[in-house]
Each structure stands twice: as C-alpha cells, then as structure tokens.
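Please read the structure below before turning to the comments.
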2 protein chains.
Amino acid sequence: MKTYANLTRAERQSALETLRARYAEICTLGYKLDLTRGKPCPEQLALSDALWNGVADGDFTLDGVDTRNYGMPGGLPSTKKLFAELMEVQPENVFVGGNASLQLMSDVLMRCLINGLPDSPRPWGREEVVKILCPCPGYDRHFHLALSLGLTLVPIPMLADGPDMDAVREALRDPQVKGIWCVPKYSNPDGTTYSEEVCRKLAALTTAAPDFLILWDNAYCMHPLYEEIDSIPNILELCERAGHPNRVVMFCSTSKLTHAGAGVAALAANRELLSHLTKLYGYSIISFNKVNELLHLRFLKDRSGVEALMQKHADILRPKFEIVLNALDSELGELDIAKWTHPRGGYFIGLYAMPGTASRIYALCRDAGLILTPAGAAYPYGRDPQDSHLRIAPSFASLEEIEKAAELLTLCLKIATLERMQS
Amino acid sequence: MKTYANLTRAERQSALETLRARYAEICTLGYKLDLTRGKPCPEQLALSDALWNGVADGDFTLDGVDTRNYGMPGGLPSTKKLFAELMEVQPENVFVGGNASLQLMSDVLMRCLINGLPDSPRPWGREEVVKILCPCPGYDRHFHLALSLGLTLVPIPMLADGPDMDAVREALRDPQVKGIWCVPKYSNPDGTTYSEEVCRKLAALTTAAPDFLILWDNAYCMHPLYEEIDSIPNILELCERAGHPNRVVMFCSTSKLTHAGAGVAALAANRELLSHLTKLYGYSIISFNKVNELLHLRFLKDRSGVEALMQKHADILRPKFEIVLNALDSELGELDIAKWTHPRGGYFIGLYAMPGTASRIYALCRDAGLILTPAGAAYPYGRDPQDSHLRIAPSFASLEEIEKAAELLTLCLKIATLERMQS
C-alpha cells in the first residue's frame, strides 16, 4: 500500500470516491455511537454493586464515629489512610471530600481567589489578571472551570514525558501565572505519564509568583490497562525537598474505581496548606458523606484491594482500547497521515490527524451517527491551533459499537485527509 | 416565691450561697453533658437505617438513568419532584446538590463574588465592600461562612415574627448591602416562624443593590415538634409577583430527615437565576451522588412519606424539649430573671438571661461539665451586645442527660443573676 502522499492526484480522487461510497452506505445504517466522555461502562460499574451492602448489618460505626451523624469534616482516619495509600502520601496530608474531585479543585481555586493561599501576598481575586498554565492537549473540564473563574489560560505544549518544561520555565517568569493543571499519570487525553525529570523540575522551578500552585489531578493513578503499572514520583515530597512545601495540591477520587456518580474524592497537601484549606472548608460544610466513606472503605479495604479491582476494570477496558488501536494500525498504519498514542492506562487515546482536518473528521463522524469530543476541546478556549487532535474515549461503548465506531472514524479521517490534499 | 428583685440584699446573698453549695456538689459528679449543636440523636438516625437497603436488589435505575454513572448534574427528575414538594415550588425550580445545604449556600455566595448574579452590575468581589444582613440571634455558621468570604455582617434584630423589617428597610438603602440570611421556619436559634407580612415585605422591599439576594435557608421546613405544623408563604412566588424574580434562593436538605452526615441537599430559585447557577455548577462538578438521591427517593417516597417520618422524629424530640422547658418554667418561672422561646419546631430553644450574664452562665456550666454553645455565638462576630442570649440544643443528649443539664443550666443562670445583682 502506498502512502497518500505517493498517490497521484487521480489515484487519490478515486480512493476518495470509494471511501465516500462506503461513508454514504454507513450513513444509512442509523448509527448512534458515542466516544465522547470517559465514563465507565455498565460492566465496570457492576464490579462495585456490592459496595452498597456494606451497612446491611446496621453497623454504621467507623473509627468509633457514628457515620450517620454530623462531624469529622475532612474524613475519618481510616478513609484518610486509604486515600493516603492511593496517593502515596501520609494520612495527615489527606482531606476527604464529597463525591467529585473536580469540585474539590473548584473549591480550592475559589478559595485562592477569595482568600488566597498561605504564601499569597493577597487573594488571587485582588490581582488584575490571574493566569493558569494549561498543558495541552489536556482535560477540557479543567480549562472550562478555570475560565468560569475568570482565569486566563496559557497553553503549554505536552511532550511525550509531560509538559514542555522549557515553556513552563519561561511562562513562570510572569508573576500573573499562579498555577498549572497537571494530570500526571495516564493523562487525559493522551495517556501520557510524566517522567521523573519533569516532576523534579515542576517541584524545583523558580516562579515569579510566590504562591504558584500545581493542581495535581491524579485522576488515573490506579487505572492501568495492563498488569504493569506506571509509577510517578511523589510530587509532594519533591516540592517539600525543593523548599516549596505549599506548591502542590493532589487530587484523586474513587469515581472510576467504584461508581462514577457516587464515589469519594480526596485531596492531599503539605500540612500547612492542608490546614489552611481545612480551616476554610470548615466554614462551608459541616461534614461530607461519611456513610459513603464507610461503604467505600469496607468495599475497597486497602490499596491492594483497589489494585485487584482495577485489574478487573483493565480486563474490561483493554479489549476496547485494542479494537481502536488495531483499527488505527490496520487502516492508517501505512498511509502516513495520522499518529496516535498507545496509552498504558487511563481512559483515552489521543489521535493526531493531518493539520486542518480534525474539525472536518468530527463533522463527518457526527453526520454518520458517531459523536466524538469536539475537535479542539482538549485545548484552551477550545482552539487547537493545528486543528489536528481528537480525543477517543472507548470505555463506555460496547465492543460491537466500538468496532463500528473505529471503522467509521478511520474512514472519516481518510476522507478528510484526501479532501484536504485534493483542495 | 418572690422575684429576685423583691428580695433583700441579704436574702439574695443567702440564696446565692445555697445555690453555690448545690453547684459545688454537681461539680464533683463529673458531668459530661453537651447541649451545643443541633445534631439528631441515635434514635432519630435509626429511623432511617433502612434507607441503605434501597438498592439491595441491584436496581440502580431511576428515571431511566443509571445512577451509578456520571451525569445529570442538578438531580434526577424524581428527586427534583420530591424536593419541589418539600420546598413547595415547581420541580423546574429545583437544583439537587450534594449532602450539605451549607455548602450550596457557600457555593452560591462564592459564585456571587466571582461571577455575580443575573442582575449584578459586576461580580460582588469587584465591590469595595459587600454587606450581608444578619437577623440575630441567628445561625452562627451563616455568619462565619459570610465572614470567611470577606463579607461585612450587619446585625438586624429578630422580632417575634421575623427580622425587624423597619431595620431591614433602612439597611437596604445602602447599595453595599447585597444579601440577607433568613431561616424562615422554626429558626435557628429561637424557633421563630416568619409571618406572612414579613415575607411579603422581604419580597417587595426596594433595595439600593439591584442584585440583592435573600438566602432562604429553610432548614427546618419539615421539622415540627407537634402535630400542627407552621406554614410560611412561598417566598419565590412572592418575589416573582413583586417583580423581583431573582431575589431569592431557597435551600433545604434531608440532613435532619434521614442521616445528618449523608443526606441530600437542594436549592430552588426562579428559572433565570436557577439556570445561571446551574450553568456555573456545570463547570465545578460533573454530577452529585445520584445513588444517594435514589436511596432517599425510595425511602422517603414523597412529601407525605416525609411528614410521617418527621412525626416520629417529633415524638423523640418533643420530650427532650419539654424537659428543658419544664425546668425553665419551674425553676425560673416566678423569678422574673429570664425569658425563653417556646418553639413549635426546629432544633433549638432561645434563652434570654439577664443582660451581662450569658458569658458567665456559659462558663459556670462549662466548669461543671455542661457544654453550651458559647454566649454570643448567635450574633455577628460572636458579639451579643446584651450578653444575654444562650442557644439550647436538646436534640442529641439522652433524656437523663437533659434532666441533669436543665437543672445545672437553671442553677448557673440563677447564680450568675444573683452575682450580678449583688455586684
């Protein structure tokens, strides 16, 4: 098979027409396919249905506390211990919150704006402009949240081992830059795991803002697709050792361990920062849902309980990823018109089509009944300067749907590429 | 029995010494009593233990939605309907949140500061000063939350039928006044229910700030102590009719219906304001705990299910309140040295001691092993200008403990009063 670049114009036109005929055929099939959000599928959710039997014996006590009643904001000692194991920190660094780590991030940023951090000269909201670094492609909800809080998004290129640290270093000369979004392991959307060097640099870099904050969203810390699991250094320890103990807040949740809509989320930070945040939380809430903490603790037990569960998740997810990856390989492998990531964990595959075609691929897929995350979504302000990147989320759909979706996706990618080459 | 005022100085001294002897005796008994927070007691919590069996059959579907997964921020249609019944509004006015209505209030105020409301000329955080009216005695956590957000607290006297509306009207001439805290039914701490006239005025008043907001914390809407239940007008409807549709956000939760640490909270507002808040929430969270919504819905069913449950709560709480009220009557009734409220619902009794004695009563009780909410806590900045008010929360303690606590409380009140009269 020749690459598209090596075809004559007429050969490309003929190939395009063949592809269009197949596309027209698919359009008649009434597909309703969706590869958008990183939602667990029902089979994954069913792995944790037994969680809800955890108080069937009527025992609601944990650590001597009646979990049914008010109190213990920030979590019970046993829950802190579990999350400390997952985040690889000490229990005294952990604050256990509600069901959503995104909301914890939102709360932290709002308090930064309204109250500031321990090292802030004043609340962020008193600054003219507050900027946040957005390694991209990244998680669209991070960017939308920051925008909704009035922050200015600064794109930073993602490399194979994490954010481009030269670009980060340069950006940090600006005192208006107050934070950076990081998904350090099996990142959304490219499945990238940060290297130790990147983590060390993030911890050690000189920043113009004294209260620069790393929002370390370790959403996929326990989410390998294979038996072998990536590891990342302990960013909190690195920051402490580099003399910047208050530089990082880590986030994680059980959303994709147990039930996505009914999990438990936590954050971790250095003691001074944690005590600052805990105090502020004390004004906003009496306590989070401790019965849910108890249920999770009884079901997950400890880190090895979580690891065993996550291998079952991996067994369900891996074949889905492999259908997409195999389709990309077999349909596009020799054409030299796209590249894509080969994630070892997480929920997404990053697909890089020929620059200028991602929006067209999105539209072609949509019109044939396959919803993808909109092109550009993984970039600040929804603008991919290359119009190249697409995020593929194969977790929720069935194997059969993914087969169809993968065929349609590669078909649309080829059509959009040829259209562009012919134009 | 004579009033203390009618006693001679020597008679008072002799009475004081008798009381002090009894106090000294009690101090040797090692009391560990607590009448501080409005926490349900274990017997109340046990009424709802069956809630957690609601998904034992493995059916997690509500309104066609898999509650285990992401999605439906703001609640499921059936949950909205239930809360609409409790708040006496339409389901389309309801947003269902996490486990804590206080956090919903916090979220709303933070978004006011950062983003503003539909009628705001700019975000509240862009104003030099933002003031909030605090009818007092009121709920200390309201005041602390507002303070933690940088708001200035403006005390407004509470009368028998709600906030002093003349004082409110006067205060509203100040454009820096952006909001008012209200607990309209069985208020914390005096058990006051707002009159229809007060509600009408709140809805209709002219305000210098175009985005003035009533934070309508209807925490005790379903919490009578007797069969007969107070009713309050629909403030949302009143505001809409008065031409101020965006003036009010209502809050309620199941915290004191089911399990205080694991309930479901909701807010309600006019459609324009609700859509504004819902949009902003969409940036901060993907969805709240829908399995908990489902559990609550299956357990509570509807308003009449809640009413039946709350009569069982009342049966547990009423004797506790009556012990305190009977002790106050029998020990203090004829002395003319204090007055107190006779709540028909809610969680608290308001006790007004002789001005200048509340702190002393608090300290005497504490030193004998009875913890009360600190004197002044129900006032902005913790300062009761009269040093008169104490909040009594009899819900959590056992009947036997409340007997002891009530004796000790009246004893300390008498001692502090006599001390003051003799000084």
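Things to note:
- With eigenvalues of the C-alpha gyration tensor scaled by 5 and rooted, the stretch B:171-284, Å: 24, 20, 12
- Against the rule of thumb 2.2 N^0.38 Å, how large the Cα Rg of the stretch B:223-332 comes out: 1.40
- Reported value for the stretch B:292-359: 119 Å³ per residue, from the convex hull of its C-alpha atoms.
- Partner chain coverage, peptide B:105-116 - average Cβ within 10 angstrom: 4
- FRET efficiency for A:Q422 and B:R271, using Cβ-Cβ distance with R0 set to 51 Å, rounded to 0.05: 0.55
- Buried on assembly, the stretch B:84-100 (at least 20 Å² less accessible surface than by itself, 1.4 Å probe): B:N99
- Couplings 3J(HN,Hα) of the stretch A:74-83, computed from phi: x, x, 7, x, 5, 6, 4, 5, 4, 5 Hz, in residue order, whole Hz [Karplus 6.51 cos²θ - 1.76 cosθ + 1.60, θ = phi - 60°; x for Gly and Pro].
- Among B:369-377, A:138-146, the order from most to least packed when residues are scored by Cβ within 10 Å on average: A:138-146, B:369-377
- For the peptide B:253-265, the mean number of other protein chain Cβ atoms found within 10 angstrom of a residue's Cβ is 5.
- Relative contact order of chain A, pairs being alpha-carbon contacts under 8 Å that are 6 or more residues apart, as %: 26
- Overall, the stretch A:174-279 carries a charge dipole of about 360 debye about its Cα centre when +1 sits on the Cβ of Lys and Arg and -1 on the Cβ of Asp and Glu, all other atoms neutral.
- Checked against a 22 Å cut-off, the cross-linked pairs A:K279/A:K301; A:K39/A:K185; A:K39/A:K81; B:K39/B:K312; A:K80/A:K256; A:K256/A:K279 give Cα-Cα distances beyond that limit for A:K279/A:K301; A:K39/A:K81; A:K256/A:K279.
- Within the protein assembly as shown, antiparallel bridges make up roughly 50 percent of the DSSP beta bridges whose residues both belong there.
- Among B:L408, B:L86, B:L147, residue whose mean-square fluctuation peaks in a GNM of chain B (springs only between Cα atoms under 10 Å): B:L147
- Cα extents of the stretch A:285-403 along the three principal axes, largest first (Å): 51, 36, 24
- Length released on extending from B:D174 to B:E400, taking residue separation times 0.36 nm less the Cα-Cα span: 76.4 nm
- Value of D in µm² per second that Stokes-Einstein yields for the stretch A:5-58, Kirkwood Rh from Cα pairs, at 10 °C (1.306 mPa s): 98
- Among A:T341, A:T28, A:T254, residue whose mean-square fluctuation peaks in a GNM of chain A (springs only between Cα atoms under 10 Å): A:T28
- P(r) weight above 19 Å for the stretch B:325-393, C-alpha pairs, percent: 32
- On a per residue basis, the convex hull of the C-alpha atoms belonging to chain B measures out at 141 Å³.
- When accessible surface is computed with a 1.4 Å probe, chains B and A are found to bury approximately 4400 Å² between them, both chains counted.
- Share of alpha-carbon pairs per 10 Å distance bin for the stretch A:352-423, given as whole %: 21, 51, 25, 3
- Tail weight of P(r) past 17 Å, computed on alpha-carbon pairs of the stretch A:1-94, percent: 76
- Take each residue of peptide B:23-33, count the partner chain Cβ atoms within 10 Å of its Cβ, and average: the result is 0.
- Per principal axis, descending, Cα span of the protein assembly as shown in whole Å: 116, 58, 55
- Average Cα contact separation per residue, the stretch B:318-408, under 8 Å, 6 or more apart, as relative contact order %: 34
- Relative contact order %, the stretch A:350-393, counting alpha carbon pairs below 8 Å whose residues are six or more apart: 50
- Spin-label model, B:N53 to B:D164: label points 7 Å out along the Cα-to-beta-carbon direction sit 5.4 nm apart.
- Cα point-scatterer Debye curve for the stretch A:119-238, base-10 log of I(q)/I(0) at q = 0.12, 0.16, 0.18 Å⁻¹: -0.42, -0.74, -0.93
- Candidate lysines - alpha carbon under 18 Å from A:K131, same-chain residues fewer than 8 apart omitted: A:K178
- Fraction of beta bridges assigned by DSSP in chain B that are antiparallel (%, nearest 5): 50
- Of A:S195, A:S14, A:S287, the one that fluctuates the most in a GNM where chain A has Cα springs shorter than 10 Å: A:S14
- Share antiparallel - DSSP beta bridges, the stretch B:211-311, percent rounded to 5: 55
- Positive end of the dipole of the stretch B:172-325 (Cβ unit charges, origin at the Cα centre): among B:I229, B:C239, B:V198, the Cα lying farthest that way belongs to B:C239.
- In summary, the aspartates and glutamates within cross-link reach of B:K404, defined as a Cα separation below 16 angstrom excluding same-chain residues under 8 places away, comprise B:E25, B:D34, B:E322, B:D329, B:E331, B:D367.
- When the protein assembly as shown is described by a simple charge dipole with +1 on each Lys and Arg Cβ and -1 on each Asp and Glu Cβ, the residue from A:V65, A:Y4, B:S253 located farthest towards its positive end is A:Y4.
- For B:S287, distant residues with modelled amide H under 5 Å away: B:G71
- For chain B, size of Cβ-based charge dipole, Lys and Arg +1, Asp and Glu -1, in debye: 840
- Quotient of Cα Rg and 2.2 N^0.38 Å for the stretch B:34-180, N being how many residues it contains: 1.34
- Cβ-placed point charges (K, R +1; D, E -1), dipole of the protein assembly as shown about Cα centre in debye, nearest 20: 1240
- Taking only the Cα atoms of the stretch A:54-113, the radius of gyration and Dmax are 13.6, 45 Å.
- For the stretch B:32-152, the fraction of 1.4 Å probe accessible surface lying on carbon and sulfur atoms is 48 percent.
- Estimated [θ] at 222 nm from DSSP helical runs (n ≥ 4, -39500 (n - 2.57)) normalised by residues in the protein assembly as shown, nearest 500: -13000 deg cm²/dmol
The values are calculated or read from the model by the stated rules, or taken from the named source; none is laboratory data. Because the structure is a prediction, the values reported are computed rather than measured. Cβ sites come from the backbone with ideal geometry, for glycine too, and all protein chains shown count toward neighbours. Note: areas computed on protein heavy atoms with side chains; ligands, DNA, RNA excluded. Shrake-Rupley method; radii C 1.70, N 1.55, O 1.52, S 1.80 Å.
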